[in-house]
Amino acid sequence: MNQLSLYPEAVSFVNRRTSDVTFKGKMGLPIHRWYRLTPSFSPQLALDIAGYFGITPDDFVLDPFSGVGTVPLCMKYRGVPACSIELNPYLHFVGTVKTRTYADLPDIRELFDSLSDASA
Ligand SMILES: C[S@@+](CC[C@H](N)C(=O)[O-])C[C@H]1O[C@@H](n2cnc3c(N)ncnc32)[C@H](O)[C@@H]1O
């Protein structure tokens, strides 16, 4: 019987450092580290799989079990459109906050300066 295979050839993800695969790989990274979810995987793993499939900004990525948003955040950094689904409302909130687009620091500084000017 033929087996349906997701990969056209064997992929090896063996002999990898723990931090390349598990949540430990995100603990030193901005935004990724905002919330520690032990069953989440490392951004490196998401990027390796995206690299394996040759994902580009012309593609669209769906993560149906997105946890704390590791995959959508990695795709955002790569400019790849993505959407995700997460059953747990709290984790959904975490993923939403992590993938939001934030103002640049100079914009934030300007806002604070204008507020302090207004209150003077
Ligand atoms: C192992 S975690 C995924 C972690 C994710 N890859 C990350 O790095 O954060 C699996 C997630 O799937 C979610 N989940 C389970 N069943 C689901 C369903 N039917 N629909 C959407 N999400 C579901 C769980 O709440 C859990 O957060």
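Per residue, the accessible area of the chain comes to 72 Å² when a 1.4 Å probe rolls over the protein heavy atoms. With helices as the sole contributors, the chain gives -12000 deg cm²/dmol at 222 nm; each DSSP H run of n ≥ 4 counts as -39500 (n - 2.57), and the sum is divided by every residue.
With both labels modelled 7 Å from their Cα along Cα-to-Cβ, the Arg36 to Asp104 distance reads 3.4 nm.
Listed by chain and number, the lysines whose C-alpha is less than 16 Å from the C-alpha of Lys76, apart from same-chain residues fewer than 8 away, are Lys26, Lys98.
Globularity index of region 46-116 is 1.37 (Cα radius of gyration / 2.2 N^0.38 Å, N = number of residues).
Packing-based ranking of 73-84, 98-109, 53-64, 26-37 yields 73-84, 26-37, 53-64, 98-109, ordered from highest to lowest mean Cβ neighbour count within 10 Å. Among the aspartates and glutamates, which fall within straight-line cross-link reach of Lys24, defined as a Cα-Cα distance under 18 Å, with same-chain neighbours fewer than 8 residues apart omitted? Result set, ordered by chain and number: Asp48. Volume of the convex hull of the chain (Cα atoms only), normalised per residue: 154 Å³.
The values are calculated or read from the model by the stated rules, or taken from the named source; none is laboratory data. These numbers come from a predicted model, not from an experiment. Reconstructed Cβ throughout: ideal geometry from the backbone, glycine too, with neighbour counts over all protein chains shown. In case anyone asks, the SASA skips ligands and DNA or RNA and just uses the protein heavy atoms, side chains included. Shrake-Rupley method; radii C 1.70, N 1.55, O 1.52, S 1.80 Å.
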